[in-house]
Amino acid sequence: PESSSRSEDALKKTAGVAWVVTAVYYFYQYTLRSAPAVMMPQLSDAFGMTATAVASMVGLFYYGYSPFSLVAGAAMDGLGPRKVVPLGAATVGIGALMFATGDGVVASIGRFLQGAGGVFALVGAAYIATTNFPASRAATLIGATQMFGMAGGSAGQFVVGPMIGAGVSWSTFWVGMGIGGLAISVLLF
């Protein structure tokens, strides 16, 4: 009985860490989702596009996010978060690195991948919350996950904007975020 109690405690701790890292991943992908808004002039110059064309390219995030919401749910149900959430984070990181290239086609594919991979954060955190914790805590954990995302959206504006204003190049930001996404993927794995 004592060893079973210890293994239950270890599983609870593992689930708690998994939820926290997945919530951080949600913060991260939300930062990437909102960051382009504070660097539109730099992106227009880099890609040689009008602001409207850049906005269309940036909007490809949602073309990945929307259909992959269903894919993420089915994958989570069929394979579990351990197998799919790290792949989602890696996809976002690779998408950010592709966006950093400055090539319109590669960046567009990268932006789509950011959306397709990003959806695994919220779905994964909700899955972990509802399957590893008591039902009486699930709504609190899902709400906290949503808080992480909104904080990431704010960071994409109020942290990234001053960074760009202080001279950090747009491509350096995206390379750093791409590496960050790959690091999150490793932690999730």
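Readers should treat all values here as calculations from the given coordinates under stated rules, not as data from a laboratory. Because the structure is predicted, anything quoted here is derived from the model rather than measured. As a convention, Cβ positions derive from the backbone with ideal geometry for all residues, glycine included, and neighbour counts pool all protein chains shown.
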Practice problem: Against the globular-protein guess of 2.2 N^0.38 Å, express the Cα radius of gyration of the stretch 70-167 as a ratio, rounded to two decimals. | Solution: 1.26
Self-check item: Between 0 and 90°, nearest 10: helix 81-99 axis offset from the chain longest Cα axis
Solution: 10 degrees
Self-check item: Cα radius of gyration and Dmax for the stretch 121-185 (Å)
Solution: 15.6, 47
Practice problem: Measure off 7 Å from each Cα along the Cα-to-Cβ vector at Ser171 and Leu70, then give the distance between these two points in nanometres to one decimal. | Solution: 3.8 nm
Quiz item: So what's the chain giving for Cα Rg divided by 2.2 N^0.38 Å, two decimals?
Solution: 1.09
Quiz item: Taking only Cα atoms, what is the 0 to 90° angle, nearest 10, from helix 104-132's long axis to the longest principal axis of the chain?
Solution: 20 degrees
Quiz item: Rounded to the nearest 0.05, what FRET efficiency is calculated for Met150 and Tyr62 with R0 set to 22 Å and r the Cβ-Cβ distance?
Solution: 0.80
Practice problem: Please determine, in degrees from 0 to 90 and to the nearest 10, the orientation of helix 135-158 with respect to the longest principal axis defined by the Cα atoms of the chain, where the helix direction is its Cα long axis. | Solution: 20 degrees
Practice problem: Within 10 Å, count the other beta carbons around each residue, average over each peptide in 43-56, 148-161, 104-117, and list them highest first. | Solution: 104-117, 148-161, 43-56
